1. For A:130-139, what's the mean count of beta carbons from other chains sitting within 10 Å of each residue's beta carbon?
2. What value, in deg cm²/dmol to 500, does the helix sum -39500 (n - 2.57) over DSSP H runs of n ≥ 4 give at 222 nm once divided by the residues of chain B?
3. Report the extension gain between B:Asp281 and B:Ser168 in nm, rounded to one decimal, defined as 0.36 nm multiplied by the number of residues separating them, less their alpha carbon distance.
4. Based on Cβ point charges of +1 for Lys and Arg and -1 for Asp and Glu, what charge dipole magnitude is obtained for region B:52-328 about its Cα centre, in debye rounded to the nearest 20?
5. Place the peptides A:135-143, B:149-157, B:7-15 in order of packing, highest mean first, counting for every residue the other Cβ atoms within 10 Å and averaging per peptide.
6. Find which of B:Phe313, B:Gly137, B:Gly290 sits farthest along the positive direction of the dipole of region B:52-328, computed with +1 on the beta-carbon of Lys and Arg, -1 on that of Asp and Glu, about the Cα centre.
7. How large is Rg/Rh for the protein assembly as shown, to two decimals, with Cα atoms and a Kirkwood Rh?
8. If R0 is 56 Å, what FRET efficiency do you get for B:Arg5 and A:Tyr256 from their C-beta distance, rounded to 0.05?
Amino acid sequence: MTTVSGTGTPAVHAARPKRKLPRAMILVGLGVILLSIVRVVADADDLTSAGSFSAAIRLGVPILLAGLGGLFAERCGVVNIGLEGMLILGTWFGAWGAVEFGAWEGVLLGIFGGALGGLIHAVATVTFGVDHIVSGVAINILGAGMARYLSVVSWVGKGTGGGATQSPKVTVDIAKVDVPFLAGGSIFGWDTPDVLGRIASWRWVVISDVAGLLRGLTGNLSLLSFVALLLVPASVLFLWHTPLGLRLRSAGENPYAAESLGVNVYRMKYLGVITSGALAGLGGAFLVLEGAGIYREGQTGGRGFIGLAALIFGNWRPTGVAMGAGLFGFADALRLRNESAVHALLLFVAVAAALAALWLLFDRRYRYGAVIGAIAVGFGIWYVTSDTVPRQFLSFTPHITTLLVLAFATQRLRPPAADGLPYRKGGGT
Amino acid sequence: MNRDRLRRLGFALLAPVSAFAFAVLISSLALWASGNDPFTAWREMLAYANDTRRMISIVNRAIPLYISALAVGFAFKMNLFNIGVEGQYQLAALMAAAVGASVDLPGPIHVLLILVVAMGVGAGWAGIAGVLKAYRGVHEVIATIMLNAIVTTGLLAYLLGNYLRDRSETQILKTHDLPASGRMPSLNRPLAAIGIDVPQGANLQGFLVIAILLGVAFYVVVSRTRFGYDLRASGVNPWAALASGVHPKGMIVKTMLISGALAGLVGMSQLLGFFGRYHQDFPTGLGFAGIAVALLGRNHPAGMAVSALLFGFLSTSAQILDLRDIPKEIIDILQATVLLSVVVSYELVRRLVAASEVKAAAAATAGAATQPAAAALSEEGDR
């Protein structure tokens, strides 16, 4: 069974979860400390304010959901380029459901819309053996076309404010909560003190920044964000700690070995790809209900592809996807909120790259050390010689990051072994 | 022999035709479900196209689709999937428009310069993906997706807004207009010469000539030259190609460069023959549509020409649907369904052909061969 799980020898398999989680935490911790120092040096308070983190969550969740969607598809061996189309279907169905029935019904219909896209992808790639990329491209075209067609059919000339490119305004919303004591929520009408908000306002190095991060996580939190964030540990549990999850991953690592052990690979792939679409659909519904409050054409803005970027950045693991989505969402939040904070981000990148370069040189990996060191110097010069960063640069930060990660860290990436390969039952050699 | 060839042609046509029929069926169902009469819609569309002005429009719309399909198809010949045509042509169109508007040269040289810039930019942008694939092992699909996103989410707006913008125009974001020497003449006069009456306001774009030449060149290079042979060999089996002296890394980079150069020309028919400038509403989506056209036309220059014309017809005739209160977005659904079903039907037809060949071989050798051998063969064919 160990070969099927694809994590090597049993010893490694047992040791892995223990080592992984702290490392992610160490990275996040280091990042926050670095951010707080940069915040002080560059005098950009918004860099670590609760508002920024709160916005980062709001902007990061759709990316996270798209990334998790990509994760479920690729873990069962199907490449999903169609995430963008499924996200679009999620926005349309989410808005339609919210307008016709109510907020949570909108969420469910958004999930349904995305899952529908996933089903089409599964039928094409799994049953008919269509190239995964071709099918994904078709679903992106189909998603956009269907959303437009359905908008025309349902909203044009109905006098509700909707039309061919947008829905009527969504007036319902998902309940938001402030966690009592931590973020000043109320219990039975009694307003508890806003402890984290207080600490964050003191602007102490590191402590206030951590408080800001936690305040962003606990304050004005929509229940839908809460559900989305819960999906990260849920995915870890499901994929790595249940028999069904193991079978699903085995279809993506070595389907013929899985087949020989009695796993119904087709069924696993259907499950993975439809779940993938459902997650993307939830992301779409989130965009409508928590973001714009309306369906608008082009609203997804390529977030499906950023989700794909987060998936690669996160090395095909839920915690990695979450970190990637958090990072990209944070960059997006700063872009929208505060341009001087974006400029401070240059310093952050420069210092982070310099530290990484030092570590690499210490580790005697001179070539990469030199490359990363050059990047550090470049960003340092950019920071010193400029006052602002063009807004547009941040919108493609995730994509450039992904290309760099792919170009320089390929050895450390490990996609599922049979990712994207065609599979036909009984076709093994 | 002749009958055999005819049969093979029949099989080759079976897949795209049945795929298209299936797509029409699905779209008809969608129309019917939303309370429209599909028969009326298709009849109106056919009737609408039967007019010189609209025929010209069909060809004009087919030109960029065809070139986009050539770009995608060229990479396909080597098993590379360039889904970055979308970003390559948009960036190329912007840069070519900006460079073209900033110089003043005699007619043909001016146009040539613009085309060279467009091809260079397209090739350069695609070349990044080629180099990443050849030397860093980055899958070209992921690389081109990211490169597409960089162009469409920020780079175009950044370059146009900060450096290439026509500042005399405050209302819209556009480049300076191309001077007359940088425009391409229409083919109306040759049309008139062969006795076709061109209605007022219609222009058959001169870029058609270049598109046809590119199609011919595509055929010659891929099917009739050493390079084309190496290209196809590398696509089928890179190890065998390496053994025969083809450097696989160089081949990847070259293929992506050529594919990107073709992609750079996608926007040129509209830039040189219609808009005369790059602006915010420059057509998008041609790169993705080109994938559908290439697959439907099976990467063959003639097949792609037919499918480009078919897509041109669809987008031209869709205009009548709006006038009849039928949502013209049904065409997007039709095109996406074509894209999916054409690949499915190629696969099904391939299995059908394999099965019929096995049967024919079994029948031919029935006397000599033993039963188990035929059974093993038929099992092989099922895969």
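1. Rounded to a whole number, the mean comes out at 6.
2. -24000 deg cm²/dmol
3. 38.8 nm
4. On the way: 20 positive and 11 negative charges, 112 e Å.
My answer is approximately 540 debye.
5. A:135-143, B:149-157, B:7-15
6. Among B:Phe313, B:Gly137, B:Gly290, the one farthest towards the positive end of the dipole of region B:52-328 is B:Gly137.
7. In the protein assembly as shown, Rg relative to Rh is 0.98.
8. Plugging the Cβ-Cβ distance into 1/(1 + (r/R0)^6) gives 0.90.
Any read-out appearing in this document is the output of simple, stated calculations on the displayed coordinates, not a laboratory observation. Computed from a prediction, not measured in an experiment: that's the story for all the values here. Don't worry about glycine lacking a Cβ; one is built from the backbone with ideal geometry, like all the others, and counts go over all protein chains shown.
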